[in-house]
Amino acid sequence: MSYEKVTQSRSHLIIGMKETLKAIKHDTISEVFIADDADKELTREAALLAGESGIPCRRVDSKKKLGAACGIDVDASAVAIKQ
């Protein structure tokens, strides 16, 4: 389900950990997706900030599949959907 939601929201995506963190801090997103196979130290901050901000944080199993769902040819550790 999560990959489908990302695919359906392609025109409203923020892709990548740095951009996702910025968007969480600026409160411009409605949901975050984090890949479970990404580096835990990199994803921990995004998960914590999302939780503190009340933004739903969904986990997906693969950064490769997450990147594909975004329509890019590289892995994606984190993706956010703009409000």
Among the residues of the range 1-39, which ones are free of Cβ contacts under 8 Å to residues at least 40 places away in the same chain and within 15 Å of D75 (Cα to Cα)? K18, D36, D37, D39
In the range 26-83, the residues that are closer than 11 Å to G16 by Cβ and among the acidic types (D, E): D75
Being on the phi > 0 side of the Ramachandran plot and either buried (at least 16 other Cβ atoms within 10 Å of the Cβ) or of a type in the set (S, T, Y) (or both) is the filter here, so list the residues in the range 54-72 that pass it. none
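Results for (1) surrounded by 17 or more Cβ atoms within 10 Å (Cβ to Cβ); (2) in contact with a strand residue (DSSP E or B) (Cβ under 7 Å, 6 or more places away or on another chain), shown as yes or no for each residue.
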{"residue": "I15", "(1), (2)": "yes, yes"}
{"residue": "K22", "(1), (2)": "no, no"}
{"residue": "H26", "(1), (2)": "no, no"}
{"residue": "E31", "(1), (2)": "yes, yes"}
{"residue": "I34", "(1), (2)": "yes, yes"}
{"residue": "E52", "(1), (2)": "no, no"}
{"residue": "V74", "(1), (2)": "no, no"}
{"residue": "Q83", "(1), (2)": "no, yes"}
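Computed from the coordinates by the stated procedures, all read-outs in this text should not be read as laboratory data. Because the structure is a prediction, the values reported are computed rather than measured. Note: ideal-geometry Cβ built from the backbone for every residue, glycine included; neighbour counts use all protein chains shown.
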